[in-house]
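Written below as structure tokens is the structure these notes are about.
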Amino acid sequence: MLSTYQEVRDRIYELAHRHGLRVDWVETTKSVRLLHLLDTDQIVMARATVPVRGVTLEALAHLATELEPLFGKDWME
């Protein structure tokens, strides 16, 4: 299971590339980054809140659920 922001970010970029999606960080605060994944027509295919600091298991589980429809059930494994 991924456990740090850097690991999660890298996996998101890897999977987005595989699916032909563009990663767009819409907003950043001290604790989270708001992510949009866009297709080639610039349509938002997924939105997610990615924890940056104080990454908890609860926050990671929520993120996994947000991106599961796009990346599959075990994308964080």
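The values are calculated or read from the model by the stated rules, or taken from the named source; none is laboratory data. Just so it is clear, the structure is predicted and the values come from calculations on it, not from any experiment. For neighbour counting, all protein chains shown are included, and Cβ atoms are generated from backbone atoms with ideal geometry for every residue, glycine included. Note: accessible area is taken over every heavy atom of the protein model, side chains too, but ligands, DNA and RNA are not part of it. Shrake-Rupley method; radii C 1.70, N 1.55, O 1.52, S 1.80 Å.
Observations on the structure shown:
- Degrees, to the nearest 10: 57-71 long Cα axis against longest axis of the chain: 10
- Heavy atoms of Asp24: accessible area, 1.4 Å probe, square angstrom to 10: 50
- Matching the structure-derived semi-axes √(5λ) of the Cα gyration tensor in Å against the labelled list [x] 29, 20, 10; [y] 22, 13, 11; [z] 19, 14, 10 gives the label [z].
- Think of the chain as a dipole: +1 on every Lys or Arg Cβ, -1 on every Asp or Glu Cβ, centred on the Cα centre; then among Val26, Ala46, Leu15, Val26 lies furthest on the positive end.
- Largest to smallest in accessible area, the residues Ile12, Ile43 fall in the order Ile43, Ile12 (1.4 Å probe, all protein chains included).
- Highest mobility in the GNM of the chain, judged by mean-square fluctuation with C-alpha springs under 10 Å and restricted to Arg18, Arg47, Arg33, is found for Arg18.
- Only the Cβ atoms of Lys and Arg (+1) and of Asp and Glu (-1) were treated as charged; on that basis the dipole of the chain about its Cα centre amounts to roughly 220 debye.
- Computed over protein heavy atoms with a 1.4 Å probe, the carbon and sulfur contribution to the accessible area of the chain reaches 51%.
- When the chain is treated as a Gaussian network with alpha carbon springs shorter than 10 Å, the biggest mean-square fluctuation among Thr65, Thr49, Thr29 belongs to Thr29.
- Using the Cβ-Cβ distance between Tyr13 and Leu57 with R0 set to 25 Å, the FRET efficiency works out to roughly 0.65.
- Top of Glu66, Glu14, Glu58 by mean-square fluctuation, Gaussian network on the chain, Cα under 10 Å: Glu58
- Heavy-atom accessible area per residue - the chain, 1.4 Å, Å²: 63
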